Amino acid sequence: MSREDAVGRGVWAVVLAGGAARRFGARPKQFETVGGVRMVDRTVAAARRTCDAVVLVLPPGRAWDGEPVDAVAEGGDHQSESLRAGLALVPDAAGIVVVCDPAHPLAADALFTAVVDAVRDGADGAVPVLAIPEVVQRVEDGRVTATVPKDDLVLTQSPQAFRAGVLRAAHADLPRPVENSSLLVARGHRVVAVPGDPVNLHVTTPAELRLMDRLATEGQPV
């Protein structure tokens with residue numbers, strides 16, 4: 001059996017755009033623009049270019065007015081619920097699920113391809129990572145209390161890819177994980193790292209949105 005046969009032939013993306021983005025402010029950040037294009041549109045476009053099909057998860061009551069997708073799901077009050085709503089629309093025959101989000105609007109096609117290829121090569125999951133360039137310290141009540149060794153620490157990005165069956169099984173008992181790859185690792189699955197991209201920043205605040213807009217406007221790869 002080939003590696004492709006072992007994981008199935010269909011690669012489905014689940015674009016998690018169903019959150020309220022409470023840390024960002026009064027409006028959902030996924031509909032803000034970066035370089036004149038909504039962040040959600042950027043993520044959907046990248047998923048369409050690199051995956052066989054796309055499920056888009058939107059906030060309750062929100063209609064989709066962007067590029068065509070294969071299915072639209074309604075998000076829940078936690079990202080895990082939104083992911084499960086998206087997974088419910090992914091066919092059982094799908095082999096790989098790519099989980100991505102508009103909060104990383106400049107995720108390059110190469111990152112999507114890299115995590116998918118890693119799963120095709122035998123991993124249960126794959127995540128893009130970056131080394132931490134700065135000193136990491138613990139601060140309590142405004143005081144530095146410890147310096148944390150960072151030799152084996154990384155920053156993990158999106159998109160991430162998983163064997164579809166493994167991801168479904170991990171969510172069967174309705175967990176609320178902080179991050180899906182750690183959920184798989186806790187269940188004994190092998191998740192590998194691929195090189196991340198320094199431009200693939202995570203937008204959580206209006207200041208970060210302005211930075212990403214400048215990166216996109218000045219012609220950085222998207």
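Rule-based calculations on the coordinates, nothing more; no lab input. On a predicted model such as this, the values are computed, not experimentally measured, just so you know. Positions of Cβ are backbone-derived with ideal geometry, glycine not excepted, and every protein chain shown enters the neighbour counts.
Computed about the Cα centre, the dipole magnitude for segment 34-138 is approximately 220 debye when only Lys and Arg (+1) and Asp and Glu (-1) carry charge, each at its Cβ.
Relative to the compact-globule estimate of 2.2 N^0.38 Å, the Cα radius of gyration of segment 3-217 comes out at 1.01. How high is the relative contact order of segment 3-217, in percent, with contacts defined as C-alpha pairs under 8 Å that are six or more residues apart? With pairs under 8 Å counted, the relative contact order is 25 percent. Taken over segment 76-151, the alpha-carbon convex hull comes to 175 cubic angstrom per residue. Only Lys, Arg, Asp and Glu carry charge here, each on its Cβ (+1 for the first two, -1 for the last two); on that basis segment 3-217 has a dipole of about 280 debye about its Cα centre.
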